[in-house]
Amino acid sequence: MAAPPKPEEISHPPMDQLQGLEYCIDSNPAWGEAIALGFQHYILALGTAVMIPSFLVPLMGGTDGDKVRVVQTLLFVEGINTLLQTLFGTRLPTVIGGSWAFAVPIISIIHDSSLTRITDPHERFLGTMRAIQGALIVASSVQIILGYSQLWAICSRFFSPVGMVPVIALAGFGLFDRGFPQAGQCVEIGVPMFILFVIFSQYLKNFQFRQWPVMERFALIITITVIWAYAHLLTASGAYRHRPDATQRHCRTDKANLISTAPWIKIPYPLQWGAPTFDAGHAFGMMAAVLVSLIESTGAYKAASRLASATPPPAHVLSRGIGWQGIGILFSGLFGTATGCTVSIENVGLLGSTRVGSRRVIQISAGFMIFFSILGKFGALFASIPFPIFAAVYCVLFGLVASVGLSFLQFTNMNSMRNLFIAGVSLFLGLSIPEYFREYTTAAFHGPSHTKAGWFNDFLNTIFLSSPTVAMMVAVFLDNTLDYKDSAKDRGMPWWVKFRTFKGDSRNEEFYTLPFNLNRFFPPS
């Protein structure tokens with residue numbers, strides 16, 4: 001009769017850092033590999049950077065030329081914000097990209113009666129852009145104040161592993177509508193892209209060229225190149241010639257009109273669209289999006305720290321990062337990107353897929369963003385990749401970030417009915433409530449909050465459309481009110497508490513100390 005298994009053979013001990021990562025936050029690949037990996041992060045960031053202006057600019061009355069300039073501006077500001085965040089913010093390897101969280105207040109501004117009555121489309125575009133800029137500039141103060149005053153650090157004292165699991169998990173799961181629903185709009189390129197990416201990144205990851213894991217490191221760029229060429233072949237052969245306009249828009253490689261309208265060289269600059277205009281109602285609605293961006297980024301920073309083999313960012317480092325992100329939103333308003341910024345979840349997921357969490361790689365990708373946003377024709381070439389190709393990759397990368405969130409459950413007692421209740425209810429409501437708001441808005445052409453006060457509607461509709469935000473409100477409230485005094489160990493607090501302060505763990509100095517000896521001016525708390 002076989003001997004019963006030992007306890008250590010049944011369960012796995014909790015681990016602060018993920019296993020199997022090749023490069024952590026402060027270890028760097030060789031320069032050639034780092035540059036190639038940085039270019040891969042740049043290509044991935046293009047999906048959202050092109051999709052947001054492609055959706056918003058036509059609603060604003062803008063032309064294809066206006067759309068290209070906004071895409072260039074968004075990428076330029078993304079590069080600047082990513083450099084600032086990796087140098088002076090959390091210092092985590094995170095790309096700071098455009099955010100869909102700002103869509104509700106921006107669409108509300110677009111439909112403002114004072115702007116819709118402008119008959120000339122170009123003048124309406126400029127007027128709308130200036131109104132969005134003004135709202136972003138004012139709303140950015142929320143993150144700047146919460147970050148640099150350390151108020152967000154104080155708020156983080158109410159967080160525990162149980163409370164943060166739904167927030168981090170839904171930073172990935174909550175974006176399910178950006179995955180297969182978008183890839184399925186052109187299944188002939190979306191499905192092959194998904195299958196090929198999984199095969200190259202997982203099943204062929206041990207394939208090496210001169211002891212170099214090519215497939216594992218560069219599965220994304222290889223599969224995008226193959227499927228992009230395949231999509232171009234379908235386009236050139238006339239496969240979509242008699243198909244509906246929607247199919248042609250999603251599948252063809254020549255429908256974006258980016259290359260033909262992009263200038264050869266154009267340097268974005270502040271106030272390029274004119275002086276911003278300010279409206280209290282617009283700004284208040286935008287503040288809800290800034291709060292959503294703050295919460296989504298909090299979850300993304302914690303996921304990135306785990307995928308970079310770093311310790312969870314201490315409270316003051318997290319708050320510092322939020323402050324710099326507020327400055328990033330201020331830059332978005334000054335330059336006119338047509339949206340605010342947040343941590344790019346897909347790029348966080350790519351850290352896990354490549355097993356490279358190096359800060360230098362992300363800084364190199366920021367250099368590519370700035371460089372190709374200035375050289376318009378070259379940047380537009382890569383930006384013309386059909387979006388279903390990106391959406392297919394999101395199916396993997398968003399899921400990877402979500403699973404990193406679930407990994408925090410190892411520090412909690414999941415045999416506790418209290419914890420099961422909190423995790424289950426917050427995860428379910430975090431998915432269910434935003435889905436209700438989405439379905440209601442699609443059917444009624446306005447959100448469930450539909451009072452005469454537009455700013456109030458924008459505020460509520462924006463907050464409850466965000467899965468991580470709903471999850472945080474539910475999870476943190478339940479976690480701090482249900483038997484919290486007697487359940488510190490079940491909540492995972494003995495493990496969590498040492499990461500609250502900079503000096504709580506000796507590794508924090510290695511990961512989060514500011515460069516250029518700046519810590520002597522800003523001593524960690």
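The values are calculated or read from the model by the stated rules, or taken from the named source; none is laboratory data. Since this is a predicted model, take the numbers as computed values, not measurements. Positions of Cβ are backbone-derived with ideal geometry, glycine not excepted, and every protein chain shown enters the neighbour counts. For the accessible areas, the whole protein counts, side chains as well, though only heavy atoms, and no ligand, DNA or RNA atoms are used. Shrake-Rupley method; radii C 1.70, N 1.55, O 1.52, S 1.80 Å.
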Handout entry: Test: residue in the stretch 215-228 that is of a type outside the set (Val, Ile, Thr), closer than 30 Å to residue 356 by Cβ and assigned to a loop (DSSP other than H, G, I, E, B)
Key = no
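Specify which of the listed residues (137, 145) is loosely packed, with under 15 Cβ neighbours inside 10 Å and modelled with pLDDT of 95 or more. Before the answer, list the steps.
Numbers: 137 fails: loosely packed, with under 15 Cβ neighbours inside 10 Å.
Sole residue among the options that is loosely packed, with under 15 Cβ neighbours inside 10 Å and modelled with pLDDT of 95 or more: 145.
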Fill in the blank from the handout: Residue hits (the stretch 39-68; outside any helix (DSSP H, G or I) and either buried (at least 23 other Cβ atoms within 10 Å of the Cβ) or within 21 Å of the chain's Cα centre (by Cα) (or both)) are 62
Problem - helices (runs of 4 or more DSSP H) enclosed by the stretch 234-337 - at least 2 residues per element that are at pLDDT below 90 - result: 245-251, 258-261
Problem - Enumeration of residues in the stretch 106-134 that are among the β-branched types (Val, Ile, Thr) and open to solvent by less than 20 Å² (accessible area, probe 1.4 Å) - result: 106, 109, 110, 128, 132
Handout entry: Residue check for residue 229: loosely packed, with under 13 Cβ neighbours inside 10 Å and either closer than 24 Å to residue 54 by Cα or polar (S, T, N, Q) (or both)
Key = yes
Practice task
Would you mind telling me which numbered condition in (1) modelled with pLDDT of 95 or more; (2) of a type outside the set (A, V, I, L, M, F, W, C); (3) over 19 Å from residue 398 (Cβ atoms) residue 223 fails?
Solution key: (3)
Handout entry: Filtered residues of the stretch 148-162 (kept if open to solvent by less than 50 Å² (accessible area, probe 1.4 Å) and either of a type in the set (Ser, Thr, Tyr) or over 24 Å from residue 492 (Cα atoms) (or both))
Key = 156, 160
Practice task
Pairs only if they're at least six apart or on different chains, beta carbon under 6 angstrom, first in the stretch 463-485 and under 17 Å from residue 299 (Cβ atoms), second among the hydroxyl-bearing types (Ser, Thr, Tyr) and assigned to a loop (DSSP other than H, G, I, E, B); list them, first residue then second.
Solution key: 479/160
Problem - Unmet criterion (only one of (1) aliphatic (A, V, I, L, M); (2) open to solvent by less than 20 Å² (accessible area, probe 1.4 Å); (3) assigned to a helix (DSSP H, G or I)) for residue 25 - result: (3)
Practice task
Could you check, for the stretch 301-309, whether at least one of its residues is closer than 25 Å to residue 271 by Cβ and in contact with a helix residue (DSSP H, G or I) (Cβ under 6 Å, 6 or more places away or on another chain)?
Solution key: no
Exercise for the section: Determine, yes or no, whether residue 92 is in contact with a Phe, Trp or Tyr (Cβ under 7 Å, 6 or more places away or on another chain) and crowded, with 19+ Cβ neighbours inside 10 Å. Expected result: yes
Problem - Count - residues of the stretch 167-199 that are open to solvent by 40 Å² or more (accessible area, probe 1.4 Å) and acidic (Asp, Glu) - result: 1
Fill in the blank from the handout: Conditions (1) under 19 Å from residue 169 (Cβ atoms); (2) over 21 Å from the mean Cα position of the chain (by Cα); (3) buried (at least 18 other Cβ atoms within 10 Å of the Cβ) -> residue 409 fails only (3)
Fill in the blank from the handout: Within the stretch 365-399, residues under 17 Å from residue 218 (Cβ atoms), among the aliphatic types (A, V, I, L, M) and within 18 Å of the chain's Cα centre (by Cα) come out as 389, 392, 393, 396, 397
Handout entry: Pair list, Cβ < 8 Å and 6+ apart or interchain, from the stretch 389-414 residues that are farther than 25 Å from residue 193 by Cβ to residues that are open to solvent by 40 Å² or more (accessible area, probe 1.4 Å) and not in a helix (DSSP H, G or I)
Key = 407/18; 410/12; 410/14; 410/15; 411/14
Practice task
Keeping to the stretch 463-473, report how many residues are open to solvent by less than 30 Å² (accessible area, probe 1.4 Å) and not in a loop (DSSP other than H, G, I, E, B).
Solution key: 7
Fill in the blank from the handout: Scanning the stretch 441-462 for residues that are in a helix (DSSP H, G or I) and either within 14 Å of residue 288 (Cα to Cα) or not hydroxyl-bearing (Ser, Thr, Tyr) (or both) gives 443, 444, 454, 455, 456, 457, 458, 459, 460, 461, 462
Handout entry: Every pair of residues 6+ apart whose Cβ atoms lie under 7 Å, when the first sits in the stretch 96-115 and is free of Cβ contacts under 8 Å to residues at least 24 places away in the same chain while the second is open to solvent by less than 10 Å² (accessible area, probe 1.4 Å)
Key = 115/128; 115/131
Completion exercise
Residue pairs within 6 Å by beta carbon, gap of at least six or interchain, first lying in the stretch 241-267 and within 30 Å of residue 371 (Cβ to Cβ) and surrounded by 14 or more Cβ atoms within 10 Å (Cβ to Cβ), second at pLDDT 75 or above and basic (Lys, Arg), listed first then second, are 255/249; 262/377
Problem - Index of the failed condition, residue 481 passing every other in (1) surrounded by 17 or more Cβ atoms within 10 Å (Cβ to Cβ); (2) over 28 Å from the mean Cα position of the chain (by Cα) - result: (1)
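If you check 202, 211, which single one turns out to be within 18 Å of residue 346 (Cβ to Cβ), open to solvent by 50 Å² or more (accessible area, probe 1.4 Å), out of contact with any Phe, Trp or Tyr (no Cβ under 6 Å at 6 or more places or on another chain) and polar (S, T, N, Q)?
Result of the check over 202, 211: 202.
Residues checked against (1) outside any helix (DSSP H, G or I); (2) touching an Asp or Glu at 6+ places or on another chain (Cβ under 7 Å):
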position	(1), (2)
83	no, no
87	no, no
97	yes, yes
101	no, yes
119	yes, no
124	no, no
130	no, no
